[in-house]
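The values are calculated or read from the model by the stated rules, or taken from the named source; none is laboratory data. Values in this document were obtained by computation on a predicted structure and should not be read as measured data. Every residue, glycine as well, gets a Cβ built from its backbone with ideal geometry; the counts of neighbours run over all protein chains shown. Heavy atoms of the whole protein, side chains included, go into the accessibility calculation; ligands, DNA and RNA do not. Shrake-Rupley method; radii C 1.70, N 1.55, O 1.52, S 1.80 Å.
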Amino acid sequence: MNLQNTFGPQAASHLRLIGMALLWGASWPSGRIVAQHMPPLAASGLRFVLAAVVLLVWLYAAGGMAGLRQWSPKRWLGMAAAAATGVFGYAACFLSGLQYLPASKAALVITLNPVLTLLLAVWIFKERINRTIALGMVLAALGAVLVISHGDPAQLLAGGLGKGELLILGCVACWVSYTLLGRAILAGVDALSTTAVTATMGAVMLLAASLVVEGTQGMAQAFDAGLPAWGALLFLAWGSTALAYAWYFDGVKALGAGAASGYITLVPVIGVACSALLLGEQIDASMLAGGAMAIAGTVVMNWGRRTPRAAVAAAGAR
């Protein structure tokens, strides 16, 4: 079924972003499983090799290979920068951080993504926001914090920042950079081409880094991992990478970096729910309340983006 024909172009983009949030939410417990059984760089390299194979076949079938030959050196450099941040940097920090942190705690840091992305999009791309959008972003972020902290946000600061926390913060820095770079280089480039090229470049970077840091034994250990680890890795490769990345870039292109990143506020909530199902983590009242806040915040934010332009301009001038 063609979502665009059924629901209209903007509604279809919103539906894809919801699907992206579901896939990325499930990536946290899946990543935790992989991180406990495989070296992080080797596993990340295999993840993106598997994803790139699917994406390149998809791109070829869609007739997109010919367009790559028309890209300028500047565009290829932009793609390399996007691959270095959103694929190599993010993937390496993601699985490395999950070696030290449970999936639910690691997912908390994702609440920083939409806030930082929106602020930078306003500064760099002059995206307009109003009070309704700001309220929605704050509500969604607070809801996600409530979910992950089990109703006591103060406890998040009690233990300070360890190695795992710093690595997951690295995910935030890489993802914000990736989103804004994607916004800058998407003019004239479809989401599938962007995702296929950056995934392929990122896979090469990750494999090279694995050989340097982990040696050949890192890849051997990854191949010797059991079926649960490989099942989680295949999900990361084909679900939360190949499909979700394409949907995310479609959202950035259609709705803007701020709106697309707003859906990431749902990822920690979904991540906690999936962690409960897959890893046995407990769900309490604070998770239910925080999840409702995060969902309501996303709805409010997107409602604010439908405000007539004149009202948005007036709100920005206040």
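With a probe of 1.4 Å, find how much accessible area the chain has per residue, and write the answer as a whole number in Å².
On the way: 13920 Å² over 318 residues.
Counting only protein heavy atoms, the per-residue value for the chain is 44 Å².
Full extension from ALA184 to GLN221: what is 0.36 nm times the residue separation minus their Cα-Cα distance, to one decimal in nm? Working shown, then result.
Details: separation 37, 0.36 × 37 = 13.32 nm, distance 3.86 nm.
Here the answer is 9.5 nm.
Residue by residue, the stretch 70-78 carries 3J(HN,Hα) couplings of 8, 5, 7, x, 4, 5, 5, 5, x Hz when phi is fed to the Karplus relation 6.51 cos²θ - 1.76 cosθ + 1.60 (θ = phi - 60°); x denotes Gly or Pro.
Based on the mean of other beta carbon atoms within 10 Å per residue, what is the order of 204-211, 285-292, 17-24, most packed first?
Numbers: 204-211: 19.0, 285-292: 17.1, 17-24: 22.0.
Descending packing order for the listed peptides: 17-24, 204-211, 285-292.
Mean residue ellipticity at 222 nm, helices only, the chain: -24000 deg cm²/dmol; runs of at least 4 DSSP H residues each add -39,500 (n - 2.57), and the sum is divided by the number of residues.
Over the chain, with every protein chain in place, what whole percent of the accessible area is carbon and sulfur at 1.4 Å, could you tell me?
Whole-percent figure for carbon plus sulfur exposure: 69.
With the simple spin-label model, which puts each label point 7 Å out from Cα in the Cβ direction, the SER286 to LEU169 separation comes to 2.2 nm. Take the Cβ atoms of VAL54 and ALA154, set R0 to 51 Å, and the FRET efficiency comes out at 0.70.
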